[in-house]
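**Student:** Handing you this structure, nothing more for now.
We did not get these values from a lab; they are worked out from the coordinates using the rules stated. These figures come from a predicted structure and were not determined experimentally. Virtual Cβ from ideal backbone geometry, glycine too; neighbours counted across all protein chains shown.
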Amino acid sequence: MSLRGATICGVGSYLPEQVLTNADWERMVDTTDEWILSHTGIRERRLAAPDQACSDLAIPAAQRALEDASVDPQQIGLVIVTTVSPDHFFPATACLVQSAIGATNAGAMDLTSGCTGFIYAMVTGANFIRAGAYDYVLVIASEVLTRTANWADRTTCVLFGDGAGATVLGPCEPDEGLLSFALSSHGEYGDLLIMPGGASRMRATAEGIARHQDCLQMEGHDIFKLAVRGIPRIARDALAKAGLKTGDISAVVMHQANQRILDASADRLGIERDRVISTVGKYGNSSAASVPLCLDDVYRSGGLEPGDIVLLVGFGAGFTLGAAVLRWTLPRFPAE
Ligand code: UT7
């Protein structure tokens with residue numbers, strides 16, 4: 001069976017203007033710049049304006065990716081939005097984006113897999129293209145995570161930031177673009193990173209909201225251990241499926257939760273730390289959005305060339321892990 005390939009043919013992102021620094025958090029909770037920086041590597045993060053919801057970040061990110069790909073919205077067959085902070089439970093945020101950008105020929109759906117969401121969504125979109133169902137799929141990860149955080153809980157609130165990243169996926173030669181992927185789920189650890197209330201298990205009540213049940217809760221230390229153990233395993237699994245070794249990797253674009261996780265993963269994979277791209281210092285942890293935000297950052301700074309092997313890795317609520325190996329096809333930015 002000869003399937004065509006699927007590749008990233010356009011990248012874009014959007015970040016809200018307001019910057020929230022560690023000094024700002026020092027004024028709001030019992031924390032210090034020194035603690036945040038030494039434990040996470042985060043210096044600042046972005047904060048959505050009060051009138052900005054998930055789709056308001058997703059739309060400009062999508063438009064920038066479409067412009068970068070030189071693809072018309074009407075050529076898009078499917079819009080996938082991945083998020084844990086949607087505008088509403090329903091309609092899907094993807095439908096709001098589809099309408100706003102004029103993707104009048106597209107289907108639309110949301111896909112949730114915590115901070116691993118972009119890997120799951122990109123693999124899903126790519127396989128629609130490989131199967132010949134659609135030529136172009138728009139995959140957007142958008143988060144307003146500061147709105148799901150408990151701003152009185154110093155163990156979580158200082159970590160998160162808002163933003164959106166988008167990619168246009170299109171057809172390519174079978175040996176380019178997405179070469180392989182590996183996905184895993186470990187639902188037995190679901191309680192370690194959870195928003196317990198506000199859904200069918202626990203309805204939103206005044207009492208529940210007063211107890212922050214509608215906010216994100218995380219056992220950070222346990223998630224940290226799952227991440228540093230799981231990342232090398234899922235990365236090696238995806239690389240083996242592509243017949244590649246860690247030495248073949250040009251750049252690793254990983255979920256940006258903590259600089260210590262990026263460094264530990266590099267060490268355990270035997271990759272130089274500077275090949276693991278870091279944007280955690282300036283954007284914090286933006287859940288599903290962090291991988292495409294980081295990808296856009298390295299791409300637009302001229303850090304990727306055609307033929308580069310790029311390893312994408314995600315981990316997060318579920319507990320889920322995902323890795324994807326790409327042979328990069330876009331010209332170095334700005335295009336020569
Ligand atoms: O994005 C989805 C996946 N999420 C992650 O990957 C997050 C993974 N986890 C982490 O990144 C880290 O575990 C954290 C950054 C969340 C926490 O770092 P840690 O080194 O694991 O710290 P800890 O939770 O073990 O806490 C150490 C101490 C505690 O005090 P005691 O009990 O030792 O007295 C905390 O109360 O640090 C205290 N602490 C703080 N102190 C100042 C926790 N948060 C803060 C804070 N400011 N913001």
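**Student:** What are the extents of the Cα atoms of the stretch 5-174 along their three principal axes, in Å, largest first?
**Tutor:** So the extents along the principal axes, rounded to whole Å, are 54, 32, 25.
**Student:** Want the number for Asn127 to Ser70: 0.36 nm per residue separation, take away the alpha-carbon distance, what's left?
**Tutor:** Answer, rounded to one decimal: 18.4 nm.
**Student:** Can I ask one more? Which angle between 0 and 90 degrees, to the nearest 10, do you get for helix 117-130 versus the longest principal axis of the chain when only C-alpha atoms count?
**Tutor:** 20
**Student:** Now for a different question. So how far, in whole Å, is the C-alpha centre of the stretch 131-195 from the one of the stretch 288-302?
**Tutor:** Cα centres, the stretch 131-195 to the stretch 288-302: 13 Å.
**Student:** While we're on this one: Nearest 5 percent is fine: what portion of the DSSP beta bridges confined to the chain is antiparallel?
**Tutor:** Antiparallel bridges make up about 70 percent of those DSSP assigns within the chain.
**Student:** Pop a pseudo-label 7 angstrom from the Cα along the beta-carbon direction at both Arg203 and Gln18 and give the gap in nm to one decimal.
**Tutor:** Computed distance between label sites Arg203 and Gln18 equals 3.2 nm.
**Student:** Now for a separate question. Comparing Ala121, Ala264, Ala289, which has the greatest mean-square fluctuation in the GNM of the chain with Cα pairs linked when under 10 Å apart?
**Tutor:** Answer for the Gaussian network model of the chain: Ala264.
**Student:** In addition: How far apart, in nm, are the 7 Å Cα→Cβ label points at Ala210 and Asp33?
**Tutor:** 3.9
**Student:** Along the stretch 265-274, what does the Karplus equation 6.51 cos²θ - 1.76 cosθ + 1.60 (θ = phi - 60°) give for ³J(HN,Hα), rounded to whole Hz, x for Gly and Pro?
**Tutor:** Working through the residues one at a time gives 5, 4, 4, 5, 8, x, 10, 4, 4, 6 Hz.
**Student:** A follow-up question, please. Could you work out how far the C-alpha centroid of the stretch 43-76 sits from that of the stretch 241-271, in angstrom?
**Tutor:** 27
**Student:** Using θ = phi - 60° and the Karplus form 6.51 cos²θ - 1.76 cosθ + 1.60, what ³J(HN,Hα) does each residue of the stretch 247-260 get, whole Hz, x for Gly and Pro?
**Tutor:** These are the phi-based 3J(HN,Hα) values: x, 7, 7, 8, 8, 10, 10, 10, 3, 9, 9, 6, 4, 5 Hz.
**Student:** Could you state the per residue volume, in Å³, of the convex hull enclosing the Cα atoms of the stretch 126-177?
**Tutor:** Cα convex hull per residue, to the nearest whole number: 104 Å³.
**Student:** Moving on to the next point. Take the chain, connect every pair of alpha-carbon atoms lying under 10 Å apart with a spring to form a Gaussian network, then pick out the residue of Gly284, Gly187, Gly318 with the largest mean-square fluctuation.
**Tutor:** Residue with maximal mean-square fluctuation among Gly284, Gly187, Gly318: Gly187.
**Student:** Please tell me the relative contact order of the chain in percent, rounded to the nearest whole number, where contacts are Cα pairs under 8 Å and at least six residues apart.
**Tutor:** 25
**Student:** Would you kindly derive the ³J(HN,Hα) couplings of the stretch 176-187 from the backbone phi angles with the Karplus curve 6.51 cos²θ - 1.76 cosθ + 1.60 (θ = phi - 60°), listing them in order in whole Hz, with x for Gly and Pro?
**Tutor:** Each residue of the stretch 176-187 in turn: 10, x, 5, 8, 6, 8, 9, 10, 8, 9, 9, x Hz.
**Student:** Now, a different point. Name all residues of the stretch 169-201 having a backbone nitrogen under 20 Å from the label point set 7 Å from the Cα of Asp222 along its Cα→Cβ direction, giving them as ranges.
**Tutor:** Output list for this probe position: 184-198, 201.
**Student:** May I pose another question? Once you've got the GNM for the chain with C-alpha springs shorter than 10 Å, pick whichever of Leu15, Leu244, Leu111 has the biggest mean-square fluctuation.
**Tutor:** Of the options given, Leu244 has the highest mean-square fluctuation.
**Student:** Over every pair of different alpha-carbon atoms in the stretch 169-221, take the mean of 1/r and invert it; report that Kirkwood radius in Å.
**Tutor:** Answer for the stretch 169-221: a Kirkwood hydrodynamic radius of 14.6 Å.
**Student:** Right, another one. May I ask you to list the aspartates and glutamates whose Cα is less than 16 Å away from that of Lys225, ignoring any residue fewer than eight positions away on the same chain?
**Tutor:** Glu188, Asp191, Asp263, Asp267
**Student:** Percent antiparallel among DSSP beta bridges with both residues in the stretch 5-174, to the nearest 5?
**Tutor:** 65
**Student:** Additional query: Can you list residues whose amide H is under 5 Å from Leu179's amide H, if they're 5+ apart or on another chain and H is modeled 1.01 Å from N?
**Tutor:** Val325, Leu326, Arg327
**Student:** By DSSP, what percent of the beta bridges with both residues in the stretch 179-327 are antiparallel, rounded to the nearest 5?
**Tutor:** In the stretch 179-327, DSSP labels about 75 percent of beta bridges as antiparallel.
**Student:** Give the relative contact order (percent, whole number) for the stretch 111-249; include only Cα pairs under 8 Å separated by 6+ residues.
**Tutor:** 21
**Student:** Let me ask something else. Working from Cα positions, state the angle (0 to 90°, nearest 10) between the long axis of helix 54-69 and the longest principal axis of the chain.
**Tutor:** The angle comes out near 20 degrees.
**Student:** Further question on the same structure: Evaluate the Debye formula for the stretch 179-327 with equal point scatterers sitting on the alpha carbons, no solvent, and hand back log10 of I(q)/I(0) at q = 0.10, 0.16, 0.17, 0.21 Å⁻¹, in q order, two decimals.
**Tutor:** -0.38, -0.85, -0.94, -1.30
**Student:** Determine the dipole magnitude for the chain: charges of +1 sit on the beta-carbon of Lys and Arg, -1 on that of Asp and Glu, nothing else is charged, the reference point is the Cα centre, and the result goes in debye to the nearest 20.
**Tutor:** Result for the chain is approximately 680 debye, rounded to the nearest 20.
**Student:** What is the angle, in °, between the Cα long axis of helix 290-300 and the longest principal axis of the Cα atoms in the chain? Nearest 10 is fine, range 0 to 90.
**Tutor:** Compared with the principal axis, the helix lies near 50 degrees.
**Student:** Need one number: the % of Cα-Cα pairs in the chain sitting beyond the 35 Å mark.
**Tutor:** Within the chain, distances greater than 35 Å cover 16 percent of Cα pairs.
**Student:** Beta carbons within 10 angstrom, averaged per residue: use that to sort the peptides 204-212, 32-40, highest first.
**Tutor:** Highest to lowest by the protection proxy: 32-40, 204-212.
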